[in-house]
Each structure stands twice: as C-alpha cells, then as structure tokens.
Amino acid sequence: MVYIYRFRTKQIIKDLEKKMVFIVGPRQVGKTHLAKEIGKHFEKVDYLNYDFFEDKKIIKNGEWNTDADLIIFDELHKMKDWKNWLKGVYDTKPERTKILVTGSARLETFRKSGDSMAGRFFVHHLMPFCPRELNKKNQKVISHFLERSGFPEPFLAKNEIDASRWRKNYIDALLREDVYSLKKIVDIKLIENILEILQRKVGSPISYSGIARDVSSSHVTIKSYIDLLESLYIIFKIPTYSKKIARTILKEKKIYFFDTGLIVGDDGIKFENFVAVCLLKECLQKNDFLGENNELMYLRDKEGREVDFALVNESKEVEKIIEAKLSKSQISKHLKYFKEKYNFSAIQIVKNLHTEKEVNGIKVMGAEKYFLN
C-alpha cells in the first residue's frame with residue numbers, strides 16, 4: 001500500500017518526550033501503520049498487539065525488552081483493568097522508555113471520571129484522510145472520497161470491488177469483534193438493525209424513542225447501543241449550538257459516519273457527511289495540538305431554520321457557520337438568516353461549483369479549494 005504521511009507524526013514524537021501518547025480512532029484508519037512509522041525514529045522498539053496470543057502473554061507478564069526506547073501497546077483497551085495496569089507500567093518504567101498506545105475505542109474517555117491516569121498522557125485522534133492531508137501526487141477529487149471514504153485501504157484500492165469487499169469485512173469485524181470486546185452482552189441483530197436505520201438518517205436529528213418504536217426495543221437500550229457505536233468510532237454525534245440563539249429547539253443531536261461509504265442515500269447526504277468528517281478532523285487536530293476544546297455543532301431554532309455546521313471555540317463562541325451543498329451556488333436562506341441576525345462568519349461549501357463568489361459577507365466556495373487551503 002502507498003504510504004501517505006500523516007500530519008501528526010512530528011507532534012506525536014515531540015509529545016512522547018513528555019508523556020505517554022494515545023493514538024485513537026476508527027478501526028483500520030491507519031493507527032498501527034502510523035505507530036510503526038513513529039517507531040522508525042527510535043533505536044530499540046518493542047511492538048506488542050493485545051490481539052496476538054504471544055504478545056498478550058508478554059504484556060500480562062511484563063516480559064518486554066527492558067532496554068526498549070519505545071514500547072507500542074496496540075489494542076490494549078481489550079485487556080481487563082488496562083487503565084490501572086498501564087498506570088503502573090508508566091510510573092515504574094525507566095525514564096528513557098517512551099510509551100505509545102493505540103486503540104479503536106475511546107481510550108481517552110476516562111479523563112472525565114477522575115481516573116488517576118489524568119496528567120500522564122496526550123491524546124491524538126487519527127481520522128480518515130481528508131484532501132488537505134494528501135500531497136498533490138496522491139490527490140483525489142471529492143467524488144473519490146464520497147465513493148470510497150477516507151479510510152486508507154478502500155481509498156487507495158485499485159477498483160470499487162476491492163473497496164466493497166473491504167467494507168463488508170470491516171462491518172463484520174466491527175459488529176462481531178469490537179462490539180463484543182466492549183460489551184459482553186449484546187444483541188447483534190438489534191445493533192445491526194439500529195445501524196441500518198442510522199445509515200438512512202445521516203444529517204437528521206436523532207430520536208431514540210422513534211428508533212425504539214421501529215425496532216420494538218426500549219429507549220434506554222437504543223441510547224446504549226448508539227453510544228456503543230460512537231465509542232467504537234463508527235458514528236459521531238454533533239449537538240445543537242444554543243449559547244446565543246434564542247428559541248433553540250430541543251437539543252437533539254445529528255449523527256454522521258466516519259466511513260462515508262456506509263451511508264445509504266444520495267450524493268448530497270454523502271457530501272454533507274464528507275464535510276462533517278473533515279470539519280471534525282479540523283476540530284480534533286486543534287484540540288490535540290493546542291490543548292483547546294473546539295467543537296463541531298449545528299444550528300437549529302424552533303422555527304425549523306437550520307445550518308449544517310458551526311465551528312465553536314472553547315469559549316463557546318461560533319467562529320464559523322457552514323452549509324454544505326452538492327451543486328447549489330444560490331445562498332441558503334437559513335445561512336443568510338443566521339449570518340444577518342448574529343453576524344457569524346459564514347461559508348457555503350459546494351461540491352460542483354463553477355464560479356466562486358461572496359454575497360453580503362457570505363462566501364460560496366468549491367469543496368476542493370476549501371479543504372485544500
């Protein structure tokens with residue numbers, strides 16, 4: 001496979017000099033590949049994957065090379081009580097030894113629970129490719145992202161058949177391996193049904209009770225399973241912004257998929273999902289590099305006026321509102337409304353755009369230009 005340099009590489013190497021580093025993100029997004037590339041910058045590296053039987057024994061017995069400059073623990077979250085175990089390893093390791101941990105579940109979530117691991121690590125979220133990360137030699141048009149997604153293997157596959165075969169295996173592994181690893185008691189058929197419903201509701205506010213009626217289950221179970229899909233980086237949710245907007249609708253969240261290829265819908269909704277992934281990646285990179293708390297949200301009021309996305313900084317101020325359109329260059333009336341009422345910086349990103357323009361402070365930009373600058 002062609003190797004594409006990831007922007008985070010240099011920062012991760014710098015962060016390893018200070019603390020241990022977690023690389024988190026969806027399954028098969030390139031975490032292991034990146035970890036091994038980082039390993040090339042160290043003289044003595046021990047790579048241990050908890051999914052491998054022999055490595056699992058080494059991990060549990062603490063039998064890795066004591067003179068290693070870098071130890072890479074892959075999929076460590078599948079180990080029982082891994083947090084306390086890792087804390088002990090970190091606190092007793094030789095000073096020269098750096099620790100890099102990767103996983104396809106949200107390893108960083110325990111920060112919010114007062115866990116004693118706090119202050120011992122940096123987190124880097126590795127997301128699917130977006131245009132800005134690719135050099136000109138490997139550049140692909142936006143349509144390629146909509147067809148294949150930004151996951152390395154389908155994105156770089158020679159043909160659509162290979163990409164489709166990857167996706168089928170990917171979903172099977174997610175549901176039967178990763179889901180089970182985090183939740184021992186799970187109704188696989190029910191979670192498959194929920195996933196199928198979500199694939200058709202991308203970009204729409206999600207009603208747990210509505211889905212519960214559709215699949216004859218409880219509101220609590222639906223929420224639990226959707227949270228599980230989020231914790232495994234299959235989907236992500238974005239909330240409504242409400243700090244400045246009067247008469248805000250109930251705080252229903254919209255869902256998007258990290259893998260655009262999973263969406264069942266037209267090119268318009270696939271394009272919106274692609275934009276969501278790239279904007280989320282932009283927020284997470286700022287947070288990881290600068291220690292900020294930027295968020296991706298959307299705007300909606302009780303009158304039903306809605307704008308697809310809002311980039312919100314850690315002061316909870318809107319820095320930019322964004323509408324995603326497949327081919328419309330005519331400015332969205334809702335984007336215009338929120339721009340005029342609240343004086344937000346506003347952009348309409350259009351996939352198929354012939355001429356860029358700016359009207360009353362609202363920029364209309366082509367997708368490739370926006371995501372390459």
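Numbers for the structure displayed
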item	result
Descending principal axes extents, the range 131-372, alpha-carbon based, whole Å	54, 47, 36
Environment charge at residue 128 (Cβ cut-off 9 Å; Lys +1, Arg +1, Asp -1, Glu -1)	0
Inter-probe distance in nm under a simple model that places probes 7 Å from Cα toward Cβ, at residue 61 and residue 186	3.1 nm
Relative packing of peptides 58-66, 347-355, 207-215 - highest average C-beta neighbours within 10 Å first	347-355, 207-215, 58-66
Sequence-distant residues sharing a close amide H with residue 22 (under 5 Å, placed H)	101, 122, 123, 124
Mean Cβ count within 10 Å, highest first, over the residues of peptides 321-327, 33-39, 11-17	321-327, 33-39, 11-17
Antiparallel content of DSSP bridges confined to the chain, in %, to 5	40 percent
Gaussian network model of the chain, springs between alpha carbon atoms under 10 Å - residue of 260, 97, 240 with greatest fluctuation	97
Nonlocal amide H pairs with residue 98, under 5 Å, H built at 1.01 Å	70, 71
Relative contact order [Cα under 8 Å, 6+ residues apart], the range 9-125, whole percent	41 percent
Cross-link pairs beyond the 31 Å C-alpha cut-off, checked among 270/320; 57/223; 14/316; 40/254; 237/336; 286/369	57/223; 40/254
Gaussian network model of the chain, springs between alpha carbon atoms under 10 Å - residue of 76, 280, 190 with greatest fluctuation	190
Contour excess over end-to-end distance, with Cα ends at residue 292 and residue 223 and 0.36 nm allotted per residue	22.0 nm
Pairwise label distance in nanometres, residue 80 with residue 207, each label 7 Å out on the Cα-Cβ vector	4.3 nm
Candidates 81, 178, 46, ranked by Gaussian network fluctuation over the chain, Cα under 10 Å, top entry	81
Calculated from backbone phi, Karplus (6.51, -1.76, 1.60) coupling profile of the range 9-14 in Hz, x at Gly/Pro	3, 4, 5, 4, 4, 5
Helix-derived mean residue ellipticity, 222 nm - over the chain, DSSP H n ≥ 4, -39500 (n - 2.57), to 500	-11000 deg cm²/dmol
Cα gyration tensor, the range 12-98 - rounded (a/c under 1.5), prolate or oblate	rounded
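Throughout, read-outs are computed from the coordinates displayed, never taken from laboratory work. Being a predicted model, the structure only gives us computed values, none of them experimental. Note that we place each Cβ from the backbone using ideal geometry, even for glycine, and neighbour counts take in every protein chain shown.
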